[in-house]
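Here the structure comes first, spelled out in structure tokens, and everything after it is commentary.
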Amino acid sequence: MKFAKLVDKAWEDKSAAEVLAAPPSALEGLTPKHDEQLAAFGIKTIQDLADWKYAKRAAALAALADTDK
């Protein structure tokens, strides 16, 4: 799978497993400073961020927003 638009250039040729094990700063737009801030919440990898219950809740709310009319 191609991750070019989702991750920093250094991570574009990595596998999904490698990207999920990477620090959040591997995501496009995040920096090592964000890694430090997220670590305070126990988030050290992209997988941790994806599994974080608050990120999941926010994604669920965003997905359901269009049904709330």
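The values are calculated or read from the model by the stated rules, or taken from the named source; none is laboratory data. In this text, all values refer to a predicted model and were calculated from it rather than measured experimentally. Glycine also receives a Cβ, built like all others from the backbone with ideal geometry; neighbour counts cover every protein chain displayed. Heavy atoms of the whole protein, side chains included, go into the accessibility calculation; ligands, DNA and RNA do not. Shrake-Rupley method; radii C 1.70, N 1.55, O 1.52, S 1.80 Å.
Inside the stretch 36-48, can you point out the residues that are within 23 Å of residue 2 (Cα to Cα) and out of contact with any strand residue (DSSP E or B) (no Cβ under 8 Å at 6 or more places or on another chain)?
Result: 44, 45, 47, 48.
For the stretch 59-68: of the residues being more than 25 Å from residue 11 (Cβ to Cβ) and either touching a residue at least 24 places away in the same chain (Cβ under 8 Å) or outside any loop (DSSP other than H, G, I, E, B) (or both), which is nearest to the chain's Cα centre (by Cα)?
In the first step, residues of the stretch 59-68 are kept if they are more than 25 Å from residue 11 (Cβ to Cβ); the result is 60-61, 63-68.
Within this subset, residues satisfying the condition of being either touching a residue at least 24 places away in the same chain (Cβ under 8 Å) or outside any loop (DSSP other than H, G, I, E, B) (or both) are 60-61, 63-67.
Numbers: 60: 15, 61: 17, 63: 17, 64: 20, 65: 21, 66: 23, 67: 25 Å.
Looking at the filtered set, the residue picked out is 60.
Could you list, in sequence order, the residues of the stretch 35-48 that are free of Cβ contacts under 8 Å to residues at least 12 places away in the same chain, open to solvent by 60 Å² or more (accessible area, probe 1.4 Å) and in a helix (DSSP H, G or I)?
Listed by number, the residues that qualify are 36, 37.
Residues being in a helix (DSSP H, G or I) and surrounded by 16 or more Cβ atoms within 10 Å (Cβ to Cβ): count how many of those fall in the stretch 2-20.
So the answer is 3.
So, residue 56, is that one open to solvent by 100 Å² or more (accessible area, probe 1.4 Å), in a helix (DSSP H, G or I), within 21 Å of residue 16 (Cα to Cα) and not aromatic (Phe, Trp, Tyr) or not? I'd like the intermediate steps shown before the answer.
Values: open to solvent by 100 Å² or more (accessible area, probe 1.4 Å): yes; in a helix (DSSP H, G or I): yes; within 21 Å of residue 16 (Cα to Cα): yes; not aromatic (Phe, Trp, Tyr): yes.
The answer is yes for residue 56.
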